[in-house]
Amino acid sequence: MPASKQQRKTDVLVELAKRRGIFWPSYEIYGGVRGLLTLGNIGFEIKRRLENLWIKYFVYSRNFQIIESPVIGPRPVYVASGHESQFTDKALKCEKCAAVFRADHLLSEAGIPIPEGASLQQIDEIVSTKGVKCPNCKGDFSKAFQWLLMFKTEIGAGTGEIGYLRPETAQGIFTEFKRLYVHGRSSLPMGVAQVGRVFRNEVSPRQGPIRLREFTIMEVEFFFDPDSNPGPSEENYLEHEIPVLTAEDQEKGVTGFRKIRVRDGVETGLFSSNWLPFFLVLTKRFLEALKIPEEAFRFREKLPSERAHYAKQLFDCEVLLESWGWTEVAGFAYRTDFDLSGHMRVSGEDMNVFISSSGRRMVPHVVEPSFGAERLLYALLEYSLRIEEDGRIRLSTPPYLSPFDVSVFPLLSKPDFVKKAAEVARMLGDFKVNFDDSGSIGRRYARSDEIGIPFAVTIDHQTFSDNSVTLRFRDTREQRRIEIGSLHAELSKLLSSPKPDV
RNA sequence: GCGGCGCUGGUCUAGCCUGGUUAGGACACCAGCCUUCCAAGCUGGGAAUCCCGGGUUCAAAUCCCGGGCGCCGCACCA
């Protein structure tokens, strides 16, 4: 077996990504910064198409709103959201061996319950009165310290007004809720989406493109009234099967997942809101469109101890990756009215809405599907990567998620061939065309396959006599002769993306 | 954060242990020739802060110290 077959896909992909301009570590000339990544020409386009497909599935198909809010938020926003106090690790550092522990984990493992939101002083007191020592070396701990996972900045010159870089896009939706509700014709349910950069000052980011300090989130805040809109009015989603690993199964030590028909899950009370399984089914359709294999993703219900501070119930969508195992690519949280109530309390603005059917006023509840774009991009690339027997690399991305729509090549790099090829390339101006006339035809096909361009049009001798070209398919290397006149229509058909059917 | 290992043109790497010519190769790239379909060949070419800083030495890619980044394990991952 050739060595190339035993190569890790991760290594091949990372090498390809650097060499062909998909992604690479940022600021390398200054030594690099952990957790920051630059997307190149190819990576940018694949990610942009991935985002567009997500928008098609999660925004357009449901007629949701989509907005773009600032990356910087004033401090009160993140006081109200609970991030300033909760999106933080209180940590203890051993004075002897310098190991760092999360205070809550360390103390609860030692059988000492600590009060919710304990202050640093309280933790120091507990540590000294209970005589807690470092589990590694029995050394003493220094004073507890706080590690805030949000990036902090200052708004304005010398004003001292603290701002935070957003750790999620959600708060930019919640803070605008009153206006968005009017734009949404003052009725529930209502979905508002956002795609944008978020920032998390991770203690120790690693795993290449998987754990980043700055990345792109694609999320929907879905507002509803649990009494009058407990779930979708259509019932199609109930008949779908989804791969689920429940909290109950995990507590029993089960590690696999099982296929659950949504209707059965609903009837056994698995879901705290029926909007959760609806979005899980939509996500299953989305991952199918990404060609992530059926056995390679699952929805894992998070255990109560793993849940974010705002979540009543949380499912992660995990994709199985070669190097990192089951990896979270999306989270589905039932946030209840936690966020709007928080902003109501801190800002003093009334977030209640009037429900006509019941004549009642209430603060809307929220279910939030939230996707990490870079992780999905990586998963897409890993499951698209093909390493041929002869060592050739091919990215078998779905056509609608490829960095170019089509390559156009002259068979030979002679002036008349090149001229004709340029003409055909111009004619296909509605598509993103990769025109290449350097090297041999085989080399050009290889370069084109390597970055996943699904189709190639080649101008050959016959083109000059009957105005036909060959259309080559990346995955099969099959070639079909086609009239130049029907090329546009044929490509449009081949490049169309699927529609969510939920 | 802790420990181990690593870092050399765009990519992958030889050289490092045992300090000393113009830091070698493969692939990729560019130009020309050739070429009737899958990384062919020929000729020429460009391209390297040997991760950064300091130290030892007549002399450092090579030895020592500190830092950055990467990988693996531990910890962390609202």
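The values are calculated or read from the model by the stated rules, or taken from the named source; none is laboratory data. No experiment lies behind these values; they were computed from the predicted model shown. Virtual Cβ from ideal backbone geometry, glycine too; neighbours counted across all protein chains shown. Just so you know, the surface numbers come from the protein's heavy atoms only, side chains and all, with ligands and any DNA or RNA stripped out. Shrake-Rupley method; radii C 1.70, N 1.55, O 1.52, S 1.80 Å.
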If every Lys and Arg gets +1 and every Asp and Glu gets -1 at its Cβ, then about the Cα centre the range A:412-468 yields a dipole, in debye to the nearest 20, of 140
As straight-line cross-link partners of A:LYS130, the qualifying lysines (C-alpha separation under 16 Å, not fewer than 8 residues apart within one chain) are A:LYS138, A:LYS143
Taking Cα atoms, the helix A:373-384 axis meets the longest principal axis of chain A at an angle in degrees (rounded to 10) of 40
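If the viscosity is 1.002 mPa s and the temperature 20 °C, what Stokes-Einstein diffusion coefficient in µm²/s follows for the range A:219-313 when Rh is the Kirkwood radius over Cα pairs? List each step's numbers first, then the result.
Working: Rh = 14.4 Å.
D, rounded to a whole number, is 149 µm²/s.
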The answer for the per residue Cα convex hull volume of the range A:1-87, in Å³, is 219
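In the neighborhood of A:ARG298, defined by Cβ-to-Cβ distances under 13 Å, what is the net charge if each Lys or Arg adds +1 and each Asp or Glu adds -1?
Values: positive: A:ARG258, A:LYS259, A:LYS284, A:ARG300, A:LYS302; negative: A:GLU241, A:ASP249, A:GLU294, A:GLU295, A:GLU301, A:ASP316, A:GLU318, A:GLU328.
With Lys, Arg at +1 and Asp, Glu at -1, the net is -3.
Averaged per residue, what accessible area in Å² does chain A show with a 1.4 Å probe, protein chains only? Before the final figure, lay out each step's value.
Numbers: 23320 Å² over 502 residues.
Ligands and nucleic acids excluded, the result is 46 Å² per residue.
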Short to long, in 10 Å steps from zero, the percent of alpha-carbon pairs of the range A:28-78 per bin is 17, 26, 36, 18, 2
Taking Cα atoms only, helix A:275-289 is inclined relative to the longest principal axis of chain A by an angle, in degrees rounded to 10, of 30
Expressed in square angstrom to the nearest 10, the accessible area of A:ARG307 with a 1.4 Å probe stands at 80
Contact order relative to length for chain A, counting C-alpha pairs under 8 Å separated by 6 or more residues, stands in percent at 14
For chain A, whose charge dipole is built from +1 on Lys and Arg Cβ atoms and -1 on Asp and Glu Cβ atoms, the candidate among A:SER384, A:PHE435, A:MET190 with its Cα farthest towards the positive end is A:PHE435
For A:VAL33, the net charge from surrounding residues (Cβ-Cβ under 11 Å; K, R +1; D, E -1) works out to 0
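What is the sum of charges, Lys and Arg at +1 and Asp and Glu at -1, for the other residues whose Cβ falls under 9 Å from the Cβ of A:ARG197?
Values: positive: A:ARG166; negative: A:GLU214.
In short, 0.
Nothing charged except the Cβ atoms of Lys and Arg (+1) and of Asp and Glu (-1): what's the magnitude of the dipole of chain A about its Cα centre? Round to the nearest 20 debye. Display every interim value, and only then the final one.
On the way: 67 positive and 68 negative charges, 203 e Å.
Dipole magnitude for chain A comes out near 980 debye.
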Once normalised by the length of the range A:337-465, the mean sequence separation of its alpha carbon contacts under 8 Å that are 6 or more apart gives a contact order in percent of 24
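Loop-only check: which GluC sites (Glu not before Pro) in the range A:285-384 are DSSP coil with at most 16 other Cβ within 10 angstrom?
A:GLU322, A:GLU349
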Computed about the Cα centre, the charge dipole of the range A:12-54 from +1 Lys/Arg and -1 Asp/Glu charges at the Cβ has a magnitude in debye, to the nearest 20, of 60
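Of all the accessible heavy-atom surface of chain A, with the other protein chains kept in place and a 1.4 Å probe, what percent is carbon and sulfur? Mind dumping the intermediate values first?
Numbers: 11570 of 23320 Å².
C and S atoms contribute 50 percent here.
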Restricting to lysines and to Cα separations under 25 Å from A:LYS419, and discarding same-chain partners fewer than 8 apart, the set is A:LYS432
Any lysines whose Cα falls less than 18 Å from that of A:LYS252, other than same-chain ones fewer than 8 residues away, would be A:LYS302
Measuring from the longest principal axis of the C-alpha atoms of chain A, the long axis of helix A:9-20 (C-alpha) lies at a number of degrees, nearest 10, equal to 60
Calculated from DSSP helices alone, with each H run of at least 4 adding -39500 (n - 2.57) and the total divided by the residues of chain A, [θ]222 nm to the nearest 500 comes to -9000 deg cm²/dmol
One finds the C-alpha centres of the range A:391-432 and the range A:75-92 to be spaced, in Å, by 51
In the range A:129-211, the GluC sites (Glu not before Pro) that sit in a DSSP loop and have at most 16 other Cβ atoms within 10 Å of their own Cβ are A:GLU176, A:GLU202
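Using the alpha carbon gyration tensor of chain A, what are the three equivalent-ellipsoid semi-axes (square root of 5 times each eigenvalue), largest first, in whole Å? Could the numbers behind the result be given before it?
Details: eigenvalues 421, 172, 102 Å².
That gives 46, 29, 23 Å for the three semi-axes.
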